[in-house]
Amino acid sequence: MKILLVEDEPRIAADIAATLKLSGMAVDVVNDGERAWFAGDVENYDAAILDLGLPKLDGLTVLRRWRDNARRFPVLILTARGVWTERVEGINAGADDYLPKPFEMEELLARIRALLRRSTGQATPVLRSGPLLMDTRQMRISLRGVPIALSPLEYRLLGFLMHHAGRVVAPTELAEHLYDSGNERDPNAIEMIVARLRRKLGSQVIETRRGFGYLVPDDSV
């Protein structure tokens, strides 16, 4: 899953980005409103963390522009200002959640994970497909009760497919959500990562739909 982090305080941005990356997410960091608006308008993100007090363009304006352009990814607002009217204004502008500064990283991570689950229709932090379980809180994968060790890229790819279980995902879409903007996005590399996952999890866990992409079956349908 790929997150857009919009925060103009370098220390806070670095701490949040490190926490998200350690939790298996790709992160793009921008530090002003104009860059945030452009990045959210041209890239495909799974969620955004948006500070309101930004240079060049304030966070609420950025959010309204995203929503006016039909950008539907969930947005968590951060602000040092705890006025309740500002929270209402942010939610009315299209925010999905709100976290005042200062905050604990564990709470921010829990809120982002909840937004990602809700946006993909997942009800619990533990995702299931047949005998395969992914605990997104503890970043643990098990197959028939046996823990499976995955690399960060393998975990991220499997996580995206399991969040979107039941939907065929094209290699180009996987590449967009697997890497941050600083890395080259090679759809051909997706095939190699899927092959490594199949060696670890078995050939039936990830299905291939020729000419379309990859699918993790959805147990709920």
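The values are calculated or read from the model by the stated rules, or taken from the named source; none is laboratory data. Everything numeric in this text was worked out from a predicted model, so none of it was measured. Reconstructed Cβ throughout: ideal geometry from the backbone, glycine too, with neighbour counts over all protein chains shown. Heavy atoms of the whole protein, side chains included, go into the accessibility calculation; ligands, DNA and RNA do not. Shrake-Rupley method; radii C 1.70, N 1.55, O 1.52, S 1.80 Å.
Structure notes:
- Any chance Leu108 is without any contact (Cβ under 8 Å) to a residue 40 or more places away in the chain and open to solvent by less than 30 Å² (accessible area, probe 1.4 Å): no
- Qualifying residue in the stretch 62-76 (condition: surrounded by 11 or more Cβ atoms within 10 Å (Cβ to Cβ), out of contact with any Cys (no Cβ under 9 Å at 6 or more places or on another chain) and modelled with pLDDT under 90): no
- Unmet criterion (only one of (1) open to solvent by less than 40 Å² (accessible area, probe 1.4 Å); (2) touching a Ser or Thr at 6+ places or on another chain (Cβ under 7 Å)) for Met139: (1)
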